[in-house]
Structures are given as C-alpha cells and as structure tokens.
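To start, the structure itself, in structure tokens.
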Amino acid sequence: MVRNTSFQNRFDPRLIVKIAPAVAKAAMESGVATRPIADFDVYIDKLTEFVYKTNLFMKPIFSQARKAPKRVVLPEGEEARVLHATQELVTLGLAKPILIGRPNVIEMRIQKLGLQIKAGVDFEIVNNESDPRFKEYWTEYFQIMKRRGVTQEQAQRALISNPTVIGAIMVQRGEADAMICGTVGDYHEHFSVVKNVFGYRDGVHTAGAMNALLLPSGNTFIADTYVNDEPDAEELAEITLMAAETVRRFGIEPRVALLSHSNFGSSDCPSSSKMRQALELVRDRAPDLMIDGEMHGDAALVEAIRNDRMPDSPLKGSANILVMPNMEAARISYNLLRVSSSEGVTVGPVLMGVAKPVHVLTPIASVRRIVNMVALAVVEAQTQPL
C-alpha cells in the first residue's frame, strides 16, 4: 500500500518541509488554494519550526503506530487538508485511511493538489451518495437512536446528510478501527454523534477533551476544553485520571495541578470546594500520581511561588497538566496561551473517555494536526479489546 517504503521506519521532517511548499504553490497555481501564501520564505521558516517540534513530541506515537497501522475513517474525505493528511499517512505508513466522499470529487482534488495517492491502492473511498451498505448502516443507526426520538426516516436522512454518522457506524460495525472527524462543522454536533453511537468506555461516566501546547518553556496540557460546561468533582476526577493516562502515551510523566481562583483553601466557594473534592477522589484512586490543588495558575507553573504558599506540596517542578474548574476557564486559558506564544504549536483536542478510538477536531485543524490525531487513534486502536 505504501509507495515510498524508505520512510516507513523513520520520519524525515525534511520531506515535509520540501513537499508542503511545493504542494502549496501547485494549489495556488491551480486556483484550489483559498488562502494564498504571500511570503514563502516566512512560510518555510514557520513550517520547519512546527514540523520539528511536533515530530519530537509525536515520535513515540508515530513509532508505535507504524508497528500495526489500523483502518481510520475520515468523514470529511473531500477536504483538501484531509487529502494532504492522507498523503502523509500513506507515505509514513501510519494508518490505512478510509475517506468518505464522492469519488469523482476526491479524484479531481487529488490531481489539482498534485498528490501522489490513488484510491483503491493507498486508501479506500466510501461513496456517501450510493454505498450499497447504507441500508444496513441506517438500520443500525436507527436501532441505536430509536428510543431517543429518532424515526426511521430521520435515521436515513442523518446518514445521507452527515458523513460523521457513516464513519461512526463503520467503526461500530468493525469496518474501521478508528475515526477522526470535525475538520468541518461544529464540535458539539460531531461529539453528539460520537457519544450517541459509542457511549463511554467501561468504568467511565463522562468524556473530556484535552489540548496540548508545545511551548518553549515545556509541554502544557489543558482540560477540559470542549466537552463539559460545568463538571462536578466526580467528573473532574475522571477527566484528570484520563488526562494523566493520555499524557503517558506521549512518554511524559504527568504532573497535575487543579486550578482555581482559590489558592490552597483561601476560598470556600462552590467552585474551589469541588476542586478540593476532585483532588481527594484522584488521590484515593491514583495515590502515585503527582498532583496538587486547588491553586492559582502561577503556583501551578512556578515551583517557587507554589512552595512559598505550600512548602510540602507533592507537586514538583512545573505542572504539565492543568485541569480547569469548567470549560469556560479551560478554553479561555488555552486560547490565551496559544496566541500569546508565537513559538508554540498545538496538538488536539484529544477526546478522552469514549468507548472507541475517536477524536473530534475543529475547523482550524491543520494537516499536521490531522496526521498527529490519526496516529494517536491508531495507537489507541491497537490496544482496543477484540
């Protein structure tokens, strides 16, 4: 399936730095590019920095994914970024992509973008207008949704109008091992499909989303950025434990701070109280996890500030997982950090707690972010029970 086998065992970032500008120029010349690049020297400099940082961070995930590539369905298969990502996935031997979309549109865009991948050889296409399995798909979707107010007619319409439903049913039926969606549309609409079709994994009662920021000062993970508006103490504890588990997949030892406007008991308001309750729940379930709270953001990131207030804190160094009291705080913090550091790059959002290896991205997801999340989904699929 992989045409250039010299890259199966080692990812050479120089390839991306050379190919991506060439593809971008071809897209501009063909009229496909919606945002032409004004200065290619600046573009190449930023691309080089981004690729080398993410390559180092993703190295353990990429290495594991290559050992046993899995079938990953991409519902927005006609999107240019998804097609670029498919090219990388095939070249690097990370996954077996399945694209949902109209075959003629996909083929036309592959040619216009100057990509070197071929349907039926490098990837599979599921025609979202006329796949012979669709009756089985909508029937299965109806069985899942019939007691949630969905009629048979609505199930059929959902399948026709929403490729994420198709992808989810394929994973549920075992026709794909994982799914990456969300490059088009609203996050919560995609997540609703994922939650309804798969539910939560065993022993978990909520889901959560975590974003990673690769900053000059170190890697920082923030949760919950997309799923729970106002998580209670039990949900925060589950989110924290799932975040620590996910961070370990990247070969990083988690150091967790539960954040609040309160600093180690300085306030007794409901928000700070639930963070203290969450801390006790986590310590009870994972006594070896390095964690403390509730605390201010500066105390989480600067050990000297934290030690001045709490000299015997079990948290050492700078926290690399920041668990926020609610989604509003998490999203604000993530976006402020993301735009305040011109040298930082992002990974995610990583969806945690769902019963299948599925991640919901956002419309601003880059090609590299799609590739990274597919690789993570492959690694998760490798450990799924048969």
Next on the checklist: List the residue pairs whose Cβ atoms are under 9 Å apart, where the first residue sits in region 322-335 and is closer than 16 Å to L279 by Cβ, the second is assigned to a strand (DSSP E or B) and charged (D, E, K, R), and the two are 6 or more positions apart or on different chains.
Outcome noted: P325/E294
Next on the checklist: Just to be sure I understand, how many residues within region 172-191 are touching a Phe, Trp or Tyr at 6+ places or on another chain (Cβ under 9 Å) and either polar (S, T, N, Q) or surrounded by 24 or more Cβ atoms within 10 Å (Cβ to Cβ) (or both)?
Outcome noted: 2
Item to check | Some residue of region 66-86 being in contact with an Asp or Glu (Cβ under 8 Å, 6 or more places away or on another chain), on the phi > 0 side of the Ramachandran plot and not assigned by TED's automatic domain parsing to the domain that holds L214 | outcome: no
Next on the checklist: Name the residue that is modelled with the highest pLDDT, counting only residues in region 342-362 that are more than 21 Å from L241 (Cβ to Cβ) and buried (at least 21 other Cβ atoms within 10 Å of the Cβ).
Outcome noted: L361
Checklist outcome for this item: Counted residues in region 338-366 being within 18 Å of I321 (Cβ to Cβ) and touching a Gly at 6+ places or on another chain (Cβ under 7 Å) come to 3
Item to check | Among residues of region 264-289, those that are free of Cβ contacts under 8 Å to residues at least 12 places away in the same chain and among the charged types (D, E, K, R), counted | outcome: 5
Item to check | Check on E253, assigned by TED's automatic domain parsing to the domain that holds V302, closer than 15 Å to N326 by Cβ, out of contact with any Pro (no Cβ under 6 Å at 6 or more places or on another chain) and among the acidic types (D, E) | outcome: no
Checklist outcome for this item: Expected single match for among the acidic types (D, E), loosely packed, with under 14 Cβ neighbours inside 10 Å and out of contact with any helix residue (DSSP H, G or I) (no Cβ under 7 Å at 6 or more places or on another chain) among E230, E235 is E230
Next on the checklist: So, D292, is that one free of Cβ contacts under 8 Å to residues at least 24 places away in the same chain, more than 21 Å from the chain's Cα centre (by Cα) and not assigned by TED's automatic domain parsing to the domain that holds V360 or not?
Outcome noted: no
Next on the checklist: The conditions are (1) at pLDDT below 95; (2) out of contact with any strand residue (DSSP E or B) (no Cβ under 8 Å at 6 or more places or on another chain); (3) not in a helix (DSSP H, G or I), and L115 fails exactly one of them. Which is it?
Outcome noted: (1)
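The values are calculated or read from the model by the stated rules, or taken from the named source; none is laboratory data. Computed from a predicted structure; not experimentally measured. FYI the Cβ positions are ideal-geometry reconstructions off the backbone, even for glycines, and counts take in every protein chain you see.
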